[in-house]
Amino acid sequence: MFCYSEDDLYCEQVALADLAHRTGTPAYVYSSQTILANYRAYDEAFGDLPHSVCYAVKANSSLAVLGLLAKAGAGFDIVSGGELFRVLQAGGDPSKVVFSGVGKTADEVEYALASGIHSFNCESESELALIDAMAARRGVKAGFSIRVNPDVDASTHPYISTGLSQHKFGIAMSEALAVYDRARGLKNLSAEGVSCHIGSQILDPAPILEAVEKLLALVAALGAEGLPIRHLDLGGGLGIRYRDGEKAPAIGEFIESLRARLRESGLRVMVEPGRSIVGPAGVLLTRVLYRKKNGPKEFVVVDAAMNDLIRPSLYHAHHEIIPVRKNALPPVTADVVGPICETGDFLARGRQMANVMPGDFLAVCAAGAYGFVLSSNYNSRPRAAEVLVEGSAYRVIRRRETFEDLVRGETL
């Protein structure tokens, strides 16, 4: 919930200029109201259809964010043992955790089994064999879904598209029936569901709905072979608005379209949203350091860099960049760049933007997902602080790193 009151940008009831002065920059700022509203939009839209909303931890794994969602009743989609540790530290219920990912290690599988997670989304027969062996050692039965690759084009950036046959994820739809059949011989596994995830930042839900039809056909075929399936895991991927004029699907309308297709299936539905819950809930605050010209080229040099937010450099992703305090100066067209010693260190290129001066603050919008989680210490830069706003109050949920933090764990 970010909006202007007169000339000042607010997160809920907190003026971001005041917050920036108090906490310093760069800093990630999250709106708790927006996070909870987006989670509840998923949960409530399902109505009486049996469902689980498992937040994708990889989008934003900060403990306070996970704790906020855990208290609201969310489940969690994890892709590593470290993410499971975070969920448990934040008070998440392990029985609401589903473990996805193409490269689970034996140690991670053992940790997940010991923690009592709900199930595994499996991506190869070798993984099924590993989980079966680890479950046998513990004397338990592990629930699993096979993540199938429906060969559906999500029409998104190639780095975040996962549903085509050329991608590393999942098992081909044409092979899934045989894999489920062979898994019957693994006595410490229980086939609970069918899983699918075709990509991220999807603005047209049609490909997801196409994948659903393919999954329902597979479930019917499995049932005919004496393999009843209890749940359908549809992954996440719903996109958000990053630039003015871009239209993102409404969460409630999207879920209603799923309900219409799944109401008669008798299946429990699982979804794993991440970006659409936390993405719009965050901004990256940064301070203008310098204004610079190279010939006709204008630069706004800020204290946030590609180590803080790598999406513009990695994906050529667009984030709106707005002033924390408006001024009456005419706009400029400039590159917004950081201090990193790389030409690829930019937050925007050729952007028409507010005519800000050194000392002014800017907000990089829609930075709540794949922001801090992808940050690094490149150029030996301490990572940013994180702040959670709750109404008229805020708290620092991750302190800014110090130089001492940069070498912690190292030896000469």
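The values are calculated or read from the model by the stated rules, or taken from the named source; none is laboratory data. What you see is a predicted model; the values in this text were computed from it and never measured. Please note: Cβ atoms are built from the backbone with ideal geometry, for glycine as well, and neighbour counts cover all protein chains shown.
Below is a table of values for the structure above.
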{"read-out": "Subset of the stretch 367-394 (residues that are without any contact (Cβ under 8 Å) to a residue 40 or more places away in the chain, under 24 Å from the mean Cα position of the chain (by Cα) and not in a loop (DSSP other than H, G, I, E, B))", "value": "none"}
{"read-out": "Test: residue in the stretch 10-27 that is more than 30 Å from Val288 (Cα to Cα) and β-branched (Val, Ile, Thr)", "value": "no"}
{"read-out": "Helices (runs of 4 or more DSSP H) fully within the stretch 251-328 counting 3 or more residues that are among the acidic types (Asp, Glu) and farther than 26 Å from Asn121 by Cβ", "value": "none"}
{"read-out": "Among (1) small (Gly, Ala, Ser); (2) in a strand (DSSP E or B); (3) surrounded by 14 or more Cβ atoms within 10 Å (Cβ to Cβ) - the single one Gly350 does not satisfy", "value": "(3)"}
{"read-out": "Criterion: surrounded by fewer than 22 Cβ atoms within 10 Å (Cβ to Cβ), under 30 Å from Glu127 (Cα atoms) and touching a helix residue (DSSP H, G or I) at 6+ places or on another chain (Cβ under 8 Å) - qualifying residue of Val53, Val79, Val87", "value": "Val79"}
{"read-out": "Out of Pro228, Pro207, sole residue that is surrounded by fewer than 21 Cβ atoms within 10 Å (Cβ to Cβ) and outside any loop (DSSP other than H, G, I, E, B)", "value": "Pro207"}
{"read-out": "Enumeration of residues in the stretch 234-259 that are among the small types (Gly, Ala, Ser) and either in the same structural domain as Ala317 (by TED's automatic domain parsing) or over 22 Å from Leu218 (Cβ atoms) (or both)", "value": "Gly239, Gly245, Ala248, Ala250, Gly252"}
{"read-out": "Residue in the stretch 44-59 that is β-branched (Val, Ile, Thr) and under 17 Å from the mean Cα position of the chain (by Cα) present", "value": "yes"}
{"read-out": "Top-ranked residue of the stretch 16-31 - restricted to ones that are within 19 Å of Cys3 (Cα to Cα) and of a type outside the set (Ser, Thr, Tyr), ranked as nearest to the chain's Cα centre (by Cα)", "value": "Val29"}
{"read-out": "Hey, Ala129 in the same structural domain as Val179 (by TED's automatic domain parsing) and surrounded by fewer than 20 Cβ atoms within 10 Å (Cβ to Cβ) or not", "value": "yes"}
{"read-out": "Some residue of the stretch 43-57 being more than 19 Å from Met270 (Cα to Cα) and either in contact (Cβ under 8 Å) with a residue 12 or more places away in the chain or in contact with a Phe, Trp or Tyr (Cβ under 9 Å, 6 or more places away or on another chain) (or both)", "value": "no"}
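For every residue, the table says whether it meets (1) more than 17 Å from the chain's Cα centre (by Cα); (2) crowded, with 16+ Cβ neighbours inside 10 Å; (3) β-branched (Val, Ile, Thr); (4) farther than 25 Å from Gly170 by Cβ.
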site: Gly239; (1), (2), (3), (4): no, yes, no, no
site: Ile255; (1), (2), (3), (4): yes, yes, yes, no
site: Arg263; (1), (2), (3), (4): yes, no, no, yes
site: Leu267; (1), (2), (3), (4): yes, yes, no, no
site: Glu272; (1), (2), (3), (4): no, yes, no, no
site: Gly279; (1), (2), (3), (4): no, yes, no, no
site: Leu284; (1), (2), (3), (4): no, yes, no, yes
site: Ala304; (1), (2), (3), (4): yes, yes, no, yes
